[in-house]
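Asker: I have a structure I would like to understand better, so I am pasting it below and will then ask my questions one at a time.
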Amino acid sequence: MRNGRIVLGHGAFLPEHIFLNGNVIRFISPQEIHKKLVVLDVANDVSSLTVELSRLGKTELLDSFVKQYLEISKDKDLLKMLPVYQTYCALKQGVKTCELKVAQKDESLGTLAMDYFNLAVRFSREIPRN
């Protein structure tokens, strides 16, 4: 916690939880119900948002978010850890989507699940190997 890596985070930092009203930005959190789930490595929230922005093809927004986060936080370790968290996040979302596909008997969710799995492969290739 001293280095700022472990924080009281959002826990589900996704585009659909971010609302803009003029110059006011608001974040909603389903984790409000589960307060114990919000103590996390900041890379968890950053990876959640960047995985979704990647999936949505919002590269410019993704790059801007990461750049501004790094400038403000001065987090020197994030770029080393982020691909690990992104890989995990994309895999987790892929599995969750597969479970929904089966539960809802919705074949269209198979494509979405594969998008997440393909992202996981892409992010895993960015993990530093040294």
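The values are calculated or read from the model by the stated rules, or taken from the named source; none is laboratory data. All of these numbers come straight from a predicted model, not from anything done at the bench. With ideal geometry, Cβ positions are generated from the backbone for all residues, glycine too; neighbour counts draw on all protein chains shown.
Per-residue answers, yes or no, for (1) modelled with pLDDT under 95; (2) of a type in the set (Lys, Arg); (3) loosely packed, with under 14 Cβ neighbours inside 10 Å:
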position	(1), (2), (3)
Ala90	no, no, no
Gln93	yes, no, no
Val102	yes, no, yes
Ser108	yes, no, yes
Ala120	no, no, no
Ser124	no, no, no
Arg129	yes, yes, yes
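Asker: Just to be sure before I move on: is Val66 over 15 Å from the mean Cα position of the chain (by Cα), part of a helix (DSSP H, G or I), among the aliphatic types (A, V, I, L, M) and modelled with pLDDT under 95 in the structure I sent?
Answerer: Working: over 15 Å from the mean Cα position of the chain (by Cα): no; part of a helix (DSSP H, G or I): yes; among the aliphatic types (A, V, I, L, M): yes; modelled with pLDDT under 95: yes.
No.
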